[in-house]
Structures are given as C-alpha cells and as structure tokens.
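Notes for the one structure printed next.
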Amino acid sequence: MRLILLGPPGAGKGTQAKRLAERHQVPHLSTGDILRSEVKAASELGRQVDSKMRAGELVDDDTISSVVDRRLAQPDAANGFILDGYPRTIRQANALEGVLGSQSLTAVVELMIDEEELFARIEARAREAGSAGVRADDNSGTLRKRLAAFIKETQPLSAFYKHRGLLFKIDGSASVEEIATTIDDHLTDIRASQPSAARKGE
Ligand code: AMP
C-alpha cells in the first residue's frame, strides 16, 4: 500500500491517513508532524524550518525531499506508507518518483473542499484546542497563506497524478466515515483490477 493523500490544509488528510495506516499496517508519514517535532526538539533542521512554518510558507523542496527520503529508507516503510502533506510541489513529486523507482504508487487520493468551509474548520479547530494548544500556524491569517501556497504549488499535482492514472477525487466535506468508506471501496476496486503479481510487496 503506497498512498498519497492530497488536499488543502484542514481538509482532513491527517484523520484519514491515521486510519488508513492502522488498517493497512504501514506508517503514516506526515511531513508537517515530522517538521513540528524537529522544531520542538530545536534541532538544526527545526531551527531552519521554524520561521517558514510559522509564516505558512513551504519549506524548500530539497530540504523536505531529503527528510522524506531518509524516512522512506527506514525498514517500517518497506511495505508501504501513507503520505500526508508530501509531495506538495511538482518538484517534490518528481523527487518522490525518483526515490520510489520501480515501486509504483497504489493511488493518490485527493480530498476536495471549498475555501469557506476550510476557514470554518480551522477556526473551530483553533477554538476547541484553546489558545495554549493551537498549532502556531493555525490562525486565519496564516491559513490564508497556506491556502495560497496550496493553490499555487500543490494543486497542479492533481493533473500530474491524473495523467499517471492514479488520481481519485473525493468530496472532502462528507463525513469522516463516508470518506473512509469511499477510500476503502476504491482501494478494493484497485486490488481487484490488478493481477496478483502487480500487488506483490503491498
Ligand atoms: P502540514 O501539517 O502538512 O500542514 O504542514 C505544516 C507546515 O510544514 C507547512 O505549512 C509547511 O511550512 C511545512 N511543510 C510540511 N510538508 C511540506 C512539504 N511537503 N513541502 C514544503 N513544506 C512543507
């Protein structure tokens, strides 16, 4: 199972990624989580990316791609992964293809959601968490920047993966359960349509 979850910030990628990782016994690789823990640990990488993250800007492609390369080389990712938040640019997608080589992706699931609903979700998330627990980049000003980065840099990935026959689009405003069922049904269809040899190593 090698899956990418695409979608704007706040679309619910993390929730679905976590569930899918448990279900398929593969790691959930969230580049946002990895970077946040580096920032917390005040590592060299953390110090390098902190201001970009706070500003809602993307970290540079080479830095994030080498973080992902290292993570994918760990043994627990040998049988697959759920990527959440990577790739986010065409350059990152090309870098990922280079790293995966002949190992093909199972699917790219895109959660689609409109801007107004995204703001409502993020604001609710900020209220619920209370000011102490809110992510440094979860406020409407920074969200606007994160959305702009998504539209400019990440949205083109939709066409990139469509071209490769991997894209599966889902209405991200449906309930968590509905989305989960839709993804599971799609993965079942993919398995059914592939000869067993092509599924080796999943
Ligand atoms: P996320 O939790 O996925 O929304 O990521 C939080 C922040 O981490 C983003 O706003 C970026 O600053 C940075 N980040 C995470 N993943 C990437 C990526 N693939 N490329 C560039 N920056 C990233």
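The values are calculated or read from the model by the stated rules, or taken from the named source; none is laboratory data. Please read all numbers here as calculations on a predicted model, not as lab measurements. FYI the Cβ positions are ideal-geometry reconstructions off the backbone, even for glycines, and counts take in every protein chain you see. Calculation scope for accessible area: heavy atoms of the full protein, side chains included, ligands and nucleic acids excluded. Shrake-Rupley method; radii C 1.70, N 1.55, O 1.52, S 1.80 Å.
Here are a few things to note about the model shown:
- Verdict on Thr15 being within 30 Å of Phe168 (Cβ to Cβ) and touching a Gly at 6+ places or on another chain (Cβ under 7 Å): no
- Matching residues in region 5-32 - criterion: being open to solvent by 70 Å² or more (accessible area, probe 1.4 Å) and assigned to a helix (DSSP H, G or I): Thr15, Lys18, Glu22, Arg23
- Pairs, first open to solvent by 10 Å² or more (accessible area, probe 1.4 Å) in region 104-119, second assigned to a loop (DSSP other than H, G, I, E, B), C-beta under 6 Å, six or more apart: Leu105/Leu166; Thr106/Met1; Glu110/Gly7; Met112/Gly172; Ile113/Ala11; Ile113/Gly172; Ile113/Ser173; Glu117/Ser173
- Test: Gly101 is more than 16 Å from the ligand (Cβ to nearest atom), at positive phi and surrounded by fewer than 15 Cβ atoms within 10 Å (Cβ to Cβ): yes
- Restricting Leu6, Leu20, Leu111 to residues that are under 14 Å from Ala149 (Cβ atoms) and touching a strand residue (DSSP E or B) at 6+ places or on another chain (Cβ under 7 Å) narrows the list to Leu6.
- For Arg47, the test of being free of Cβ contacts under 8 Å to residues at least 12 places away in the same chain and not aromatic (Phe, Trp, Tyr) is passed.
- Unmet requirement for Leu35, which otherwise passes all of (1) among the aliphatic types (A, V, I, L, M); (2) under 19 Å from Lys145 (Cα atoms); (3) surrounded by fewer than 17 Cβ atoms within 10 Å (Cβ to Cβ): (3)
- Test result for Pro87, touching a helix residue (DSSP H, G or I) at 6+ places or on another chain (Cβ under 9 Å), open to solvent by less than 20 Å² (accessible area, probe 1.4 Å) and farther than 30 Å from Ala192 by Cβ: no
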